[in-house]
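Down below is the structure, laid out as structure tokens.
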Amino acid sequence: MGLSISRLNDLLLKFIHIFSPQISKRVLSGYVTAPVLHFIPLHIIHIAKMQDLLVLIPDCDRYVVRRMPKILSQSRPVLKLIYIMKSTVLLKATCLVWLAISTLFISCKDDDPVSANPLCDPTENVMGLSLEEWQIQWWQYLMSLDCDHLGLASLLPQSFDLYFLSSPAGNFTYDVTIPKDKMILCPLVNYINDFPCPDTSFHPAPGQSLEDFLQEGAEGFIDDVTDRSITLDGVVYPIDKCYRFVTPLFYFTGDPSLPLCFDPCVTGTSQAAVSDGYWVVLKPLSKGKHTLNIKWKHIPFTLNSDVTYNITVE
């Protein structure tokens, strides 16, 4: 539409060189190496590997960096985003100028692989709630079910703004019908740590808050979960740590039957809990048939999940 991507890159680097020669020198001399990429969310790096041209963006904050590929993704050459850990107003202004230029000269297409990503941005609220808040609602729903209905949580009638799925350990296949235009809350693997429990030794250490105590226990389990992925209609989406969420302390009332089949700590009355896990929200799927597969492994506990949903959207 005017300027080529390579020309835009040249303009950006000249802008940096004029206003910050020291940073320009570090960037142009290959300052940015693989370890620096650890500061970028993994799914952003995956996007970067799809293209060939390097676009060097120094000192963007995380918010700007996460959105940069969505704006620039139409260019066939790709992005390698660089995060230099040094915060100045000038360099953040540089990033914003680059964003503005990119928006003017690069258009997005509906068939673009990045804009077509079915996973919602994990840093953004969904329907006004954070993923931690949705996680709490999901657990309050699940724990309200009795033993006969617990395994059918995804199939029962629901009245939530999102459609709640589940991914229990084991190999399962479910057929589910989801209304058109409904986003889907999909927990890959999650752990609820609730209090009190019959074990009298299960309590916070002196001076430790109940929230910290419960989060510590949940974290220990989730830390060992590996090989996390979602496959939607044959396309695999690895789930990195950007999709991990830990709730603050919340309260739920569990069904009195649950100690017999699920959680021995459930009292049948209001009790405290926290949850830790990997959660994804899928954007509304098109009408018709879809196949969703969820996988994860927990080697220390010899657990794995391979759950398939045959979804009909109508």
Could you tell me which of the residues S286, S229 is assigned by TED's automatic domain parsing to the domain that holds F202, in a strand (DSSP E or B) and either modelled with pLDDT of 95 or more or hydroxyl-bearing (S, T, Y) (or both)?
-> S229
Could you say whether any residue in the stretch 256-268 is modelled with pLDDT of 95 or more and in a strand (DSSP E or B)?
-> no
Note down all Cβ pairs under 8 Å where the first residue falls in the stretch 199-226 and is closer than 15 Å to R244 by Cα, the second is charged (D, E, K, R), and they're at least six residues apart or on different chains.
-> Q215/D276; A218/D276; E219/D276; F221/D276; I222/R244; I222/D276; V225/K297; T226/K297
Those residues of the stretch 255-314 which are hydroxyl-bearing (S, T, Y) and closer than 30 Å to K180 by Cα, in sequence order | S275, Y278, S286, T291, S305, T308, Y309, T312
Return a yes/no flag: does the stretch 164-182 have any residue that is within 19 Å of W134 (Cα to Cα), touching a residue at least 12 places away in the same chain (Cβ under 8 Å) and assigned to a strand (DSSP E or B).
-> yes
Condition test on C265, is it under 22 Å from S167 (Cβ atoms), surrounded by 14 or more Cβ atoms within 10 Å (Cβ to Cβ) and touching a Cys at 6+ places or on another chain (Cβ under 9 Å)?
-> yes
Looking at the stretch 183-221, which of the residues that are in a loop (DSSP other than H, G, I, E, B) and either aliphatic (A, V, I, L, M) or within 30 Å of Y309 (Cα to Cα) (or both) is nearest to the chain's Cα centre (by Cα)?
-> M183
Checked the stretch 283-314 for anything among the basic types (K, R) and in contact (Cβ under 8 Å) with a residue 40 or more places away in the chain; matches are K283, K287, K295, K297
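The values are calculated or read from the model by the stated rules, or taken from the named source; none is laboratory data. Just so it is clear, the model here is predicted, and its values are computed rather than measured. FYI the Cβ positions are ideal-geometry reconstructions off the backbone, even for glycines, and counts take in every protein chain you see.
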